[in-house]
Each structure stands twice: as structure tokens, then as C-alpha cells.
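So the structure is just underneath, and the comments pick up after that.
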Amino acid sequence: MKRSFNLKEEDNLIATERQVRTHRYLIPDRVIKKNSIETEIDMLQMDALKGEMIDLEKSASLLKQMSNVCAKYNLKTPLVKRHFLYNAQHRSLYCWIRKIASTSFTKLFSDMSNRRVSHNFYKEVDFLSPKSLRDLQYLATNNTVFKLLIVRHPFQRLVSSYRDRIEDNSRYTAQSWLYARQILYLSRPELFRLNVTGDNILQRIFLTNRRLKVVPSFREFLVWLLEQPPNFDDHWSQYHTHCAVCNTSYNFILKLDEYTFGEVNYVLSKLKLDKSKVYLPKLQRTRAGITNFDITCKYFHNLTTDMILRLYERYKVDFEMYNYKVDKYLPCAKRKN
């Protein structure tokens, strides 16, 4: 797609800001503190008046909904520096979420910084994230910086992550190497019993190049996942905690499963990019192909409705924040409880 404190602490903060400006890093001269979601909606209205291609009502509703859910559950979502990418020249801050166009937008921020990287974009986080947590805290409530969040239906993102990091055994992945043994220990304990062949556990589960020989099914993966803490791995973490949504004044939320070209153009314009010179790969594409509702439903065939509801509870806050529904996924389950 082409749209190619005491006084000592205060002194330390002043020194940090001077150093930041010296290196032409962020921190604009003017900072506006965000006290209400209404400030962000006012900015959206100004963009709409300028003719930007956005659905003002939809965008304002999403921002309000996210704020309301934060208040409803009294959520505190601490900032994590490495979860954000920042570009000072373009005054743009972006929180990446794995399997939600994170490679495409990391590449975009890398290009914006003239880094000319062609692969291993996940390593760019080390170079593109804010220089310190204090800088990130400063940016997160600075209304002169455009702050972007991209989401998709949590179930579709989860299936996409499973397909890419566990099921696809054509290559080594850190997730399969780290977790496959734990998953299979729960579902196939016979693999871990001693036998007369003399082979070890690793030889039974992995090939010599560390690719999976025995691939856990999606159901086996979920049985294991539901026993794990919520945010132990970026590939299946919760959006609201990963991106500190209750402590960051996001300006725009792009829903990957229902975006329009106008919304993408709007994001590019807010990133201060020439839309005619920016290329973004087809969003949602992965090695295994797109993961939409139909594909996700097929992976849910071997689940029970109880498992789906437990999964929903795990990601309930994300569902509520971005108006996603669980109902149409329940009939996908074909196993009895």
C-alpha cells in the first residue's frame, strides 16, 4: 500500500533537558499538560476542520472509551521505555505491539531516522526508543507530540502470534524454544518419560537446528497460556499494560482490522511524512498469511466455549477499551465443555 523533588531533583531535570536539546533530541520549547481527554478530542476536531481524512466521531469515541475504562477500573499502567519509538524531528511517539503491524511501523520510524536497516527490525527498539524513562514520561503527556496506538481484535492477534511464533516450524523462534517444552509437558507428559532409545527431551521435541519437531496445537498452547501471568511475553501481552494507555495521552488509535486508507493517510500526515513518498507493506500480512475472523474461527474449533470465555476474561480490558466483542467467536467452539 503506497501512501509512500527537592531543589536537587529540579536541578537534575534542568540539566537533563539541556543535554537533550544539545543532542537535538526531543523536548520542544512549549509543553502543554493534558488534563482531560477533551484536549485530544479538540485537536481531532481541528484536524477535521483542516480537511484531514478521519471519522471524527469514531476517533473521539475511541479516545473517550479508553479513558472511561481506565477510570472504571482505576487502572495505573506504568510506562516501559523499550515499548515506545520516538522521532524528535517528526515529534512522533509510537507504541509497538507485536503482531499488529509492528514491523511495518518500526521500519517506518527507522526510515524516519535515516537508519537504512533492511532486516531484524525488532532490534531497532534499542536505537529508536526514548533515551530515558524520564524523557518518555515527559513525552507521554506532551500535546505537541503526536502519539499513536495501533490495535486489532485480541483474539485475531493471539492466533496470529501463535501461528508465527509456535506453529510455523520452518524456522527457529525464541518463543517455541522457550515455551514448547512447558506446553507439551502439560499436554503430552509421555514425551518426558525415560525410554530405552536413550534420546533426551530436546531431541524428542526439537530438530538439530532448534526448529520444532513436535508442534503444540493451538488448544495445547492456550491451556498453557491461561496458566501464565498476563504480560510475561510481548507477543501475547495485554494492550493496556504494554502501551501504558492510562498514563499516556494518545492522540489517535488506528484499528488494524477496520482501518481506512483515509485513516492511514491521516497518520502519515501527523507523522509529518509525504504520503506520496511513503510505502507501507500490506498491513496484517505475515509469513503464514493474513489472520482474520474466518481463520481465527477455524483455530477456535478445537476449543470449548468455557476456554474462549476464560480467554476473554484475560483480555477483557482490551475488549472494553476498543469496543471489541466476544459473542461471534463463541459459536466457533466445537468441543463440549
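Here, each number is a calculation from the coordinates, and none is a lab measurement. In this text the structure is predicted, and so the values were computed from the model without any measurement. Glycine also receives a Cβ, built like all others from the backbone with ideal geometry; neighbour counts cover every protein chain displayed.
Quick one: Kirkwood hydrodynamic radius for region 189-337, alpha-carbon pairs, angstrom, one decimal?
Computed over region 189-337, the radius equals 19.2 Å.
I need the peptides 266-278, 119-131, 211-223 ranked by packing, meaning the mean over residues of other C-beta atoms within 10 angstrom, with the highest value on top.
Put in order of decreasing packing, that is 211-223, 266-278, 119-131.
Give me the base-10 log of I(q)/I(0) for region 30-154 at each q in 0.09 Å⁻¹, Debye formula, one uniform scatterer per Cα, rounded to two decimals.
Treating every Cα as an identical point scatterer, log10 I(q)/I(0) equals -0.29.
Given an 8 Å cut-off on Cα distances and at least 6 residues of separation, report the relative contact order of region 152-291 as a percent. Display every interim value, and only then the final one.
Numbers: 96 pairs, mean separation 38.8, N = 140.
Relative contact order of region 152-291: 28 percent.
With +1 on each Lys and Arg Cβ and -1 on each Asp and Glu Cβ, how big is the dipole of region 205-310 about its Cα centre, in debye rounded to the nearest 20?
520 debye
Using Cβ contacts closer than 10 Å as the measure, can you line up His83, His240 from fewest to most?
By the 10 Å Cβ count, ascending: His83, His240.
Principal axis lengths of region 88-188 from Cα atoms, whole Å, largest first?
Answer, in whole Å and largest first: 53, 28, 24 Å.
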